[in-house]
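Presented below is the structure to which this report refers.
The values are calculated or read from the model by the stated rules, or taken from the named source; none is laboratory data. It should be emphasised that the depicted structure is a prediction, and the values quoted were computed from it without experimental measurement. Neighbour counts run over all protein chains shown; Cβ positions are idealised from the backbone, glycine included. Please note that ligands, DNA and RNA were not included when accessible areas were found on the heavy atoms of the full protein model with its side chains. Shrake-Rupley method; radii C 1.70, N 1.55, O 1.52, S 1.80 Å.
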Amino acid sequence: MSILTTLELKQHLRLDGADEDGLLATYKDAAEGYVAQYLNRPVPWGDDADGNEVAVPAQVKAAALLVAGDLDANRESSLVGVTHSENPAVKALLDPYRVHPGF
């Protein structure tokens, strides 16, 4: 299961009808993988005690969209004369949901 849809990704990246579904699937998987790894938990969360699917917070979805946007904006493996750093908004959105090992 996924937390992002192809339509959400197309809207976020402002791709009007572009036929890049394969590339978008890669961005989606990579962004969700990054989020899950950073949070130290599976994304989406899964089910609660009653078997109901737990909704992923909007902040987590927004962070995944930002990661996917960064992947799209920086398609090349190297940038000459440009300093690239992680988007601080991603960590700010994810930190409240992060599971810290040992707690």
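Each residue in segment 56-85 was checked for being modelled with pLDDT of 90 or more and either small (Gly, Ala, Ser) or surrounded by fewer than 10 Cβ atoms within 10 Å (Cβ to Cβ) (or both), and 6 of them qualify.
If you scan segment 29-55, which residues turn out to be open to solvent by less than 30 Å² (accessible area, probe 1.4 Å), part of a helix (DSSP H, G or I) and free of Cβ contacts under 8 Å to residues at least 60 places away in the same chain? Across segment 29-55, the qualifying residues are 31, 32, 35, 36.
Checked against (1) more than 13 Å from residue 71 (Cα to Cα); (2) within 11 Å of the chain's Cα centre (by Cα), residue 46 meets all criteria but (2). Candidates in segment 7-28 are the residues that are assigned to a helix (DSSP H, G or I) and over 25 Å from residue 86 (Cβ atoms); of these, the one that is modelled with the lowest pLDDT is 21. For segment 1-42, how many residues meet the condition of being among the hydrophobic types (A, V, I, L, M, F, W, C) and out of contact with any helix residue (DSSP H, G or I) (no Cβ under 9 Å at 6 or more places or on another chain)? Residues meeting the conditions: 3.
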